[in-house]
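A.B. asks: I have a structure I would like to understand better, so I am pasting it below and will then ask my questions one at a time.
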Amino acid sequence: MTRVLVINSGSSSLKLQIIDTAVEAELAWALVERIGDPVGTLAVRRGDLAGSPGEESTVEAAFPDHTAALSRVLEEAGRLGAHPTDLGVEAIGHRVVHGGPDFHEPVEVTPEVEAGIERLELLAPLHNPANLRGIRVARDLLPGLPHVAVFDTGFFHTLPAAAHTYAIDRAVAKAWDLRRYGFHGTSHEFVSRRTAEVLGRPYDEVNQIVLHLGNGASASAIAGGRAVDTSMGLTPLEGLVMGTRPGDLDPGLIIHLIRDRGMSPEDVSTLLNRRSGLEGLARARDFRELLARVDDGDRDAALAYEVVVHRLRRYIGGYWAVLGDVDAITFTAGVGENVARLRADVLSTLGGWGVELDPQANEDGTGERIISRAGGRVAVLVVPTDEELAIARACDTVLGLGR
Ligand code: ADP
């Protein structure tokens, strides 16, 4: 029996799960949001080995920093009998967004690894510092446990050079490690493996396109278990339209804003990370709100939805050409798993390519399932992602636990 605490530490949030990797059950779950704000929220829930949610505790209070947030989580978890020590946690797994050119596989966190993650802050200033904070705070408050870093970029280290190379001066790219790295790799790997299992086929024989559509969104092309293209690049800004990020745009637009319109690089960063995507196009906080506004006849929301659909079609078509042949298209994450209408609209032009949805399976089913018509040439699936479980399993493997 191995029990792993999985931590996903963001700049103003902290998400934790305790997972028993033998039965793959969630024994405890916690989320702190708005760390650093005058009032933040905290929720801690106990689970059990059967996977049913148990008692929950919620708190509204100020959490000035991640140390305060984790201390309070541990206190509340203790009251619910779900403190990591009480539950026999043996290791802590961390989601680390950028692994850069050096980290391809999950690794135990040593001082050298920590220094490496810190160096990569230059490539991921919005993510890696927060991930590192999670590692350090957990080490302080839960001493004596091994830590494993699992990199969001890892699965994409197999991208062929043609897919990961930016067509800029080679010397400039080389000097600063400027290339496409890809993100959400833990999810793309988990979901693509699961897709092959659901289809009852060997992973290395399936050509697939995975669409991870959450607040952040990314697509990948996976040929026989090897990632051959993905939509995010040097940073998680490239690719699909997201909650607050634009995805692909002409880099000339950025030059124009800075050189001709007087915006500072910081202003542009805020524009592209916080005021674009659904937020920028329609002032929609998330996809649910966007859909409600589309149904109310809001034109900005309707346009935003059309841009989302159009971009997804372009990626699917492009990846189809890269793969040559596609066996499966899988939707995952909050939007991908829950929005039947989007799945149907995106795929509606692909009937001639052998993609045909079963409307009932698409609209009425829940959870993991095949949503294409039986006997169709291309399988379409919904597979809920579980990055925390994948991180917990990686801890087992790296540390040789659970044997
Ligand atoms: P992340 O992990 O990137 O924060 P999630 O995978 O949780 O994102 O997805 C969040 C997105 O999923 C939000 O845009 C949210 O509105 C959307 N979403 C979740 N459930 C539903 C639903 N039932 N209907 C429509 N959208 C949903």
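A.B. asks: Restricting to the range 136-165, and then to whatever is aliphatic (A, V, I, L, M) and crowded, with 21+ Cβ neighbours inside 10 Å, can you tell me which residue is farthest from G185 (Cα to Cα)?
C.D. replies: Checked the range 136-165; the qualifying residue farthest from G185 (Cα to Cα) is A138.
A.B. asks: Could you tell me which numbered condition G54 fails, if it satisfies all but one of (1) touching a Pro at 6+ places or on another chain (Cβ under 9 Å); (2) of a type in the set (G, A, S); (3) surrounded by fewer than 17 Cβ atoms within 10 Å (Cβ to Cβ)?
C.D. replies: (1)
A.B. asks: Six or more apart or on different chains, Cβ under 8 Å: which pairs go from a residue in the range 324-339 that's free of Cβ contacts under 8 Å to residues at least 24 places away in the same chain to one that's of a type in the set (S, T, N, Q)? Could you list them?
C.D. replies: none
A.B. asks: Out of all the residues in the range 183-232, which are without any contact (Cβ under 8 Å) to a residue 24 or more places away in the chain and either of a type in the set (S, T, N, Q) or over 19 Å from L323 (Cβ atoms) (or both)?
C.D. replies: E197, G200 - these are the residues of the range 183-232 that are without any contact (Cβ under 8 Å) to a residue 24 or more places away in the chain and either of a type in the set (S, T, N, Q) or over 19 Å from L323 (Cβ atoms) (or both).
A.B. asks: Taking the range 167-188 as the region of interest, how many residues are of a type outside the set (A, V, I, L, M, F, W, C), under 23 Å from the mean Cα position of the chain (by Cα) and surrounded by fewer than 22 Cβ atoms within 10 Å (Cβ to Cβ)? Talk me through it step by step, then tell me what you get.
C.D. replies: Filtering the range 167-188 down to residues of a type outside the set (A, V, I, L, M, F, W, C) leaves 169-170, 174, 177, 179-182, 184-188.
From what's left, under 23 Å from the mean Cα position of the chain (by Cα): 177, 179-182, 184-188.
If we keep only those that are surrounded by fewer than 22 Cβ atoms within 10 Å (Cβ to Cβ) as well, we get 177, 179-180.
Selection size over the range 167-188: 3.
A.B. asks: Mind telling me which of the residues V206, V198, V191 ends up being within 13 Å of the ligand (Cβ to nearest atom) and over 11 Å from the mean Cα position of the chain (by Cα)?
C.D. replies: Numbers: V206 fails: within 13 Å of the ligand (Cβ to nearest atom); V198 fails: within 13 Å of the ligand (Cβ to nearest atom).
Among V206, V198, V191, only V191 is within 13 Å of the ligand (Cβ to nearest atom) and over 11 Å from the mean Cα position of the chain (by Cα).
A.B. asks: If only one of L16, L42, L27 is on the phi < 0 side of the Ramachandran plot, in contact (Cβ under 8 Å) with a residue 60 or more places away in the chain and outside any loop (DSSP other than H, G, I, E, B), which one is it?
C.D. replies: The conditions single out L27.
A.B. asks: Here's something else I'd like to know. For the range 271-280, name all the residues that are surrounded by 15 or more Cβ atoms within 10 Å (Cβ to Cβ), part of a helix (DSSP H, G or I), without any contact (Cβ under 8 Å) to a residue 60 or more places away in the chain and within 16 Å of the ligand (Cβ to nearest atom).
C.D. replies: Result: G277, L278, E279, G280.
Yes or no, residue by residue, for (1) at pLDDT 95 or above; (2) farther than 22 Å from R313 by Cα; (3) surrounded by fewer than 17 Cβ atoms within 10 Å (Cβ to Cβ):
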| residue | (1), (2), (3) |
| --- | --- |
| N207 | yes, no, no |
| L211 | yes, no, no |
| G214 | yes, no, no |
| A223 | yes, no, no |
| S231 | yes, no, no |
| L234 | yes, yes, no |
| V241 | yes, no, no |
| S269 | yes, yes, yes |
| A282 | yes, no, no |
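A.B. asks: Could you list all residues from the range 303-358 that are within 15 Å of the ligand (Cβ to nearest atom), of a type outside the set (V, I, T) and assigned to a loop (DSSP other than H, G, I, E, B)?
C.D. replies: Those that are within 15 Å of the ligand (Cβ to nearest atom), of a type outside the set (V, I, T) and assigned to a loop (DSSP other than H, G, I, E, B): none in the range 303-358.
A.B. asks: Just one of the numbered conditions (1) touching a His at 6+ places or on another chain (Cβ under 8 Å); (2) surrounded by fewer than 23 Cβ atoms within 10 Å (Cβ to Cβ); (3) modelled with pLDDT of 95 or more is not true of R193; which one?
C.D. replies: Answer for R193: the failing condition is (1).
A.B. asks: Looking at the range 141-153, is at least one residue under 21 Å from A219 (Cα atoms), touching a helix residue (DSSP H, G or I) at 6+ places or on another chain (Cβ under 9 Å) and among the small types (G, A, S)? Write out each step before concluding.
C.D. replies: So the first thing to find is which residues in the range 141-153 are under 21 Å from A219 (Cα atoms), and the list is 150-153.
In the following step, the residues that additionally are touching a helix residue (DSSP H, G or I) at 6+ places or on another chain (Cβ under 9 Å) were identified as 150-153.
Now drop any that are not among the small types (G, A, S), which leaves none.
No; the residues of the range 141-153 include none that is under 21 Å from A219 (Cα atoms), touching a helix residue (DSSP H, G or I) at 6+ places or on another chain (Cβ under 9 Å) and among the small types (G, A, S).
The values are calculated or read from the model by the stated rules, or taken from the named source; none is laboratory data. This is a predicted model, so every value here is computed, not measured. So basically every Cβ, Gly included, is an ideal-geometry build from the backbone, and we count neighbours across all protein chains shown.
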